[in-house]
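Below is one structure, written out as structure tokens, with a few remarks after it.
The values are calculated or read from the model by the stated rules, or taken from the named source; none is laboratory data. Only a predicted model underlies this, so the values are computations on that prediction, with no experimental measurement involved. Methodologically, a virtual Cβ is constructed for each residue, glycine included, from the backbone with ideal geometry; neighbour enumeration extends over all protein chains shown.
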């Protein structure tokens with residue numbers, strides 16, 4: 001029986017053009033990891049031990065069992081790994097975890113390459129193995145005025161840094177990989193609606209992980225002040241206030257768009273609030289509190 005991720009299936013069932021069919025056929029292959037030994041260990045045993053230890057040490061609220069989506073940082077593991085581990089421990093404790101078929105990872109575009117919103121059709125490889133793309137769901141998301149583009153992903157770290165955690169807790173799940181260059185409110189709504197439509201069409205049990213660090217290169221106190229106002233808006237699922245606060249405060253959280261998309265998706269699925277699991281910053285490691293990068297782990301429940 002032909003698999004649903006086969007390009008021929010996509011051609012016949014999604015009514016894509018011959019040009020898009022050839023494009024998709026050419027790119028269904030694994031994206032090789034680029035940031036091992038920069039953001040996380042390349043050695044397989046060391047990486048596996050690092051991730052397992054981080055997750056084991058993470059403490060999360062029991063309410064995470066009801067989560068629809070998640071926020072996780074994407075800095076080097078030495079700085080943000082313990083915060084990210086809270087996100088992935090929460091995901092592993094989702095009461096519907098065994099029924100989740102797809103994890104949609106949305107990251108910001110730091111490089112400026114590619115489309116405003118770029119969907120990958122590739123599988124993604126880390127030192128711990130290959131995570132399989134749900135190409136049917138990815139294709140449907142891209143069929144709603146959003147582009148398939150691998151160039152946005154080739155040198156971008158915001159998604160890749162999440163993946164070793166998922167190799168450990170969800171190695172057999174399917175994935176969608178989406179990179180946002182345009183993180184405006186309008187763009188975030190467009191992406192969220194496309195995901196909601198695609199998930200409903202396939203009757204998929206999907207969750208979203210939004211990849212984002214929070215305020216960058218300000219004092220610990222100033223970063224915490226700004227971020228607390230953004231997190232307060234998220235607690236109410238008020239995406240408009242969240243976006244407005246980020247702009248007015250000049251908060252440099254880099255994944256505003258992915259977070260808004262995750263919030264809107266979660267709200268459509270029944271979420272009523274967000275819960276902050278952990279907040280920290282790079283100063284905890286460097287001991288330099290005059291200029292930090294901040295990190296938050298959140299769930300939408």
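Of everything in the range 236-258, what is touching a residue at least 40 places away in the same chain (Cβ under 8 Å) and in contact with a strand residue (DSSP E or B) (Cβ under 9 Å, 6 or more places away or on another chain)? Give them in sequence order.
237, 253, 254, 255, 256, 257, 258
Condition first: touching a residue at least 60 places away in the same chain (Cβ under 8 Å), farther than 28 Å from residue 47 by Cα and surrounded by 21 or more Cβ atoms within 10 Å (Cβ to Cβ). Now tell me which residues in the range 123-147 satisfy that.
136, 137, 139, 140
Which one of 223, 261 is touching a residue at least 12 places away in the same chain (Cβ under 8 Å) and either within 17 Å of the chain's Cα centre (by Cα) or surrounded by fewer than 18 Cβ atoms within 10 Å (Cβ to Cβ) (or both)?
261
Residues 82, 120: which one is within 14 Å of the chain's Cα centre (by Cα), buried (at least 17 other Cβ atoms within 10 Å of the Cβ) and modelled with pLDDT of 95 or more?
120
Of everything in the range 148-188, what is without any contact (Cβ under 8 Å) to a residue 24 or more places away in the chain and farther than 22 Å from residue 200 by Cα? Give them in sequence order.
Residues satisfying the conditions do not exist here.
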